[in-house]
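Visitor: Have a look at this one before I ask anything.
The values are calculated or read from the model by the stated rules, or taken from the named source; none is laboratory data. The structure displayed is predicted, hence computed values, not measured ones. All Cβ positions, even for glycine, are placed from backbone atoms using ideal geometry, and neighbour counts span all protein chains on display.
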Ligand code: ADX
Ligand code: SF4
């Protein structure tokens, strides 16, 4: 028996449909206290007309993740547990008829992260079912992170007889998925945390390159909250805004971490100024890139010397040159790993995170700046304008990179 959840263009859902009539009275259901092997505690199935159970689905019994990885039999369904590592399913999705995600405890958000990861990172397009301790209130949020059916436990609603395992059917809408509801934010936060923890685990001396942008502050906040051994440095070009410099101190005070400053070589700067003038970068792309090479690229090389990985706050949305940005890249010039953990985040995601954790922000954002670099090469943009329109605005869009992010290959 089916109740329908319809979702409008704004991602708001409405449940409709008839309460199923039961041919068989429900059996008493043991309470699920949320511990131990939840699959044993979730509803023993009342059949028919009820839908799938925790251990069985329409096509048979669920496999565990390990069983599927061990012997992937086409047409199987798997039941993921909160602690499962969904990354193991990368390139192992073919042939799966259904993925179900167990929610053993109300409020356990890991199932959202699984769904988000499957849909967004692994590109899973097949049926995705939430199962277990989910409530009707969660239906909308579950749908937004990509679930398209939900199996309720019999003791989850007031009248167990009515509640046993209705199936809600929703169309999966990729666009809605990128919405800014709480579930989405929680999933993003969780994935970011997992990614950063993984970077810290894999590498000896990883470091975040921070321009003190909102993106970099988000990553800084996550690193500091988790206490991860990831260093943070900034390229102090000598031409940064006072507001940006002030944020270095604010960050140190707030998180108790030091942001190391890398400065350009004084001789190279002096030579540049003598040759082209202090603001010679306005006179042509070549002069501009030379300035960036001295003030940013060389100091970056110094900052990364001896490191085996670095992280940036780049996002795909930031412009044509970043639309294919990978979350993991190889820095081919240095032969080290490069991570862009916010690659698929929207600007709204960044703001939502910042608001959620009260992350200190560069005061320039409040004055219309969106992408912030050196003071003479950055200006505020009008609402709706291209985010990088205020960077090197006198140049063509295609040349507007400073050389920090060349020589990479997406993994
Ligand atoms: S830029 O290449 O055009 O300057 P953008 O300002 O968009 O880059 O920043 C992208 C990422 O490059 C930042 O999130 C940060 O990781 C790194 N980055 C840019 N400028 C600096 C800087 N001055 N110091 C350290 N990292 C920087
Ligand atoms: Fe020089 Fe402008 Fe590049 Fe800064 S952004 S290094 S001031 S050209």
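Visitor: Could you please give the count of residues in the stretch 53-72 that are exposed (fewer than 14 other Cβ atoms within 10 Å of the Cβ) and modelled with pLDDT of 90 or more?
Guide: 4
Okay, residues lined up against (1) more than 29 Å from residue 380 (Cα to Cα); (2) at pLDDT below 95:
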{"residue": "216", "(1), (2)": "no, no"}
{"residue": "257", "(1), (2)": "yes, yes"}
{"residue": "290", "(1), (2)": "no, no"}
{"residue": "317", "(1), (2)": "no, yes"}
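Visitor: Now for a separate question. For residues that are farther than 26 Å from residue 264 by Cα and within 16 Å of ligand 1 (Cβ to nearest atom), tally how many sit in the stretch 369-385.
Guide: Selection size over the stretch 369-385: 2.
Visitor: Counting just the residues of the stretch 397-411 that are assigned to a loop (DSSP other than H, G, I, E, B) and out of contact with any helix residue (DSSP H, G or I) (no Cβ under 6 Å at 6 or more places or on another chain), which one comes out farthest from ligand 1 (Cβ to nearest atom)?
Guide: 411
Visitor: Which of (1) outside any loop (DSSP other than H, G, I, E, B); (2) crowded, with 17+ Cβ neighbours inside 10 Å; (3) within 16 Å of ligand 2 (Cβ to nearest atom) does residue 376 not meet, given it meets every other one?
Guide: All conditions pass for residue 376, except number (2).
Visitor: Okay, next question. Taking residue 394, is it assigned to a loop (DSSP other than H, G, I, E, B), in the same structural domain as residue 247 (by TED's automatic domain parsing) and either modelled with pLDDT under 85 or exposed (fewer than 14 other Cβ atoms within 10 Å of the Cβ) (or both)?
Guide: yes
Visitor: Also, I was wondering about something else. So which residues in the stretch 195-213 are touching a residue at least 24 places away in the same chain (Cβ under 8 Å), over 26 Å from residue 247 (Cα atoms) and either in contact with a helix residue (DSSP H, G or I) (Cβ under 7 Å, 6 or more places away or on another chain) or in a helix (DSSP H, G or I) (or both)?
Guide: 202
Visitor: Got a number for residues in the stretch 355-368 being assigned to a helix (DSSP H, G or I), closer than 30 Å to residue 116 by Cα and either in contact (Cβ under 8 Å) with a residue 12 or more places away in the chain or within 13 Å of ligand 1 (Cβ to nearest atom) (or both)?
Guide: Qualifying residue count, the stretch 355-368: 3.
Visitor: For residue 352, work out the one condition from (1) more than 21 Å from residue 229 (Cα to Cα); (2) under 28 Å from the mean Cα position of the chain (by Cα); (3) without any contact (Cβ under 8 Å) to a residue 40 or more places away in the chain it doesn't fulfil.
Guide: All conditions are met except number (3).
Visitor: Scan (1) part of a helix (DSSP H, G or I); (2) crowded, with 23+ Cβ neighbours inside 10 Å; (3) more than 14 Å from the chain's Cα centre (by Cα) for the single condition residue 188 breaks and write down its number.
Guide: That leaves (3) as the condition not met.
Visitor: Here is a follow-up. Out of the stretch 258-316, which residues are more than 13 Å from ligand 1 (Cβ to nearest atom), part of a loop (DSSP other than H, G, I, E, B) and either more than 34 Å from the chain's Cα centre (by Cα) or surrounded by fewer than 16 Cβ atoms within 10 Å (Cβ to Cβ) (or both)?
Guide: 258, 265, 277, 278, 279, 284, 305, 306, 308 - these are the residues of the stretch 258-316 that are more than 13 Å from ligand 1 (Cβ to nearest atom), part of a loop (DSSP other than H, G, I, E, B) and either more than 34 Å from the chain's Cα centre (by Cα) or surrounded by fewer than 16 Cβ atoms within 10 Å (Cβ to Cβ) (or both).
Visitor: Would you mention how many residues in the stretch 321-345 are out of contact with any helix residue (DSSP H, G or I) (no Cβ under 6 Å at 6 or more places or on another chain) and in a helix (DSSP H, G or I)?
Guide: 1
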